[in-house]
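Down below is the structure, laid out as structure tokens.
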């Protein structure tokens, strides 16, 4: 039966390559296409972050988190015309646990973090087309405590010709390429900081600058009332994404448990809805390993999502469900 189903999915790779990666940054698009080459593909889980227009002159490392509302709607229409099914996380779980059979390829939309444009721009499009979708919420976003350092650092780099950090490292930022390279170098340093003491760690690293690390979250995140409204719509599934969007492999096991469990409990306290699904913050192999996967495997979480890995097939692990970035 599975072989028969998979034979109907030969166009999955072609459709994905044609429509998912056409908006900008062709070199990155090629990389993601290479990730997408897989066998026995049953469908694809798409990972989105922000649904808004990209801004010229800003760094690709952040801009690649955005797709325009028009592009999202275009992707939905293309998948509809190609005969794909649009499924929820509950349906995906039933497929992967053998409780549901499906005779055509599927698409599952997921959005990470809890950005306001998910509610303002994406939700009306999903509603218009009656497409199920999921939002993985890091609770510091609606609590307005999330440290969106990637935007603060980008703003600093774009305004500067040189960056000097307290560890002695210095970066020249005269050209756009130098600014982009600087951001990527600094990003790697930030991910190694003590994630539980992030603002103090960042202030120490950027001691020569007076930066407001909480400024972006004030305007960019949903509030709890909007998230509660989403939980009341059958089209939407709200999932856990920790409290502070922390790199889990930097935490003790106790702190990992606190971040994960408290994130789910806080959502339930504000919305009366208890998430059953989870997405790893950052979600790459650099931030997650067997310890993190084993924790999820032994928890009450039914299914957890990484940020790479390609298509869905019958061999997917419930604690490591792969996704493609829609971009």
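Rundown of residues vs (1) at pLDDT below 95; (2) in the same structural domain as residue 195 (by TED's automatic domain parsing); (3) surrounded by 15 or more Cβ atoms within 10 Å (Cβ to Cβ); (4) assigned to a helix (DSSP H, G or I), yes/no style:
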| site | (1), (2), (3), (4) |
| --- | --- |
| 226 | no, no, yes, yes |
| 237 | no, no, yes, no |
| 244 | yes, no, yes, no |
| 267 | no, no, yes, yes |
| 273 | no, no, yes, no |
| 282 | yes, no, yes, no |
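Within segment 97-115, residues that are over 19 Å from residue 86 (Cβ atoms) reach partners that are in a strand (DSSP E or B) and at pLDDT 90 or above with beta carbons closer than 7 Å, at six or more positions or on different chains, in the pairs 114/135; 114/137; 114/221; 115/50; 115/221. Of the residues in segment 129-151, not one is out of contact with any helix residue (DSSP H, G or I) (no Cβ under 7 Å at 6 or more places or on another chain), without any contact (Cβ under 8 Å) to a residue 60 or more places away in the chain, surrounded by fewer than 23 Cβ atoms within 10 Å (Cβ to Cβ) and not in a loop (DSSP other than H, G, I, E, B). Condition first: outside any helix (DSSP H, G or I), in contact (Cβ under 8 Å) with a residue 24 or more places away in the chain, outside the structural domain of residue 254 (by TED's automatic domain parsing) and crowded, with 16+ Cβ neighbours inside 10 Å. Can you find one or more residues in segment 167-185 that meet it? Checking segment 167-185: not a single residue is outside any helix (DSSP H, G or I), in contact (Cβ under 8 Å) with a residue 24 or more places away in the chain, outside the structural domain of residue 254 (by TED's automatic domain parsing) and crowded, with 16+ Cβ neighbours inside 10 Å.
Got at least one residue in segment 115-124 being over 17 Å from the mean Cα position of the chain (by Cα), surrounded by fewer than 22 Cβ atoms within 10 Å (Cβ to Cβ) and more than 18 Å from residue 50 (Cβ to Cβ)? The answer is no; no qualifying residue exists.
Matching residues to (1) closer than 13 Å to residue 195 by Cβ; (2) touching a residue at least 24 places away in the same chain (Cβ under 8 Å); (3) under 19 Å from the mean Cα position of the chain (by Cα):
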| position | (1), (2), (3) |
| --- | --- |
| 238 | no, yes, yes |
| 249 | yes, yes, yes |
| 254 | no, no, no |
| 260 | no, yes, yes |
| 267 | no, yes, yes |
| 270 | no, yes, no |
| 274 | no, no, no |
| 278 | no, yes, yes |
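The values are calculated or read from the model by the stated rules, or taken from the named source; none is laboratory data. Predicted, not measured: the structure shown is a model, and the values here were computed from it. Here Cβ is always computed from backbone atoms with ideal geometry, including for glycine, and neighbour counts include all displayed protein chains.
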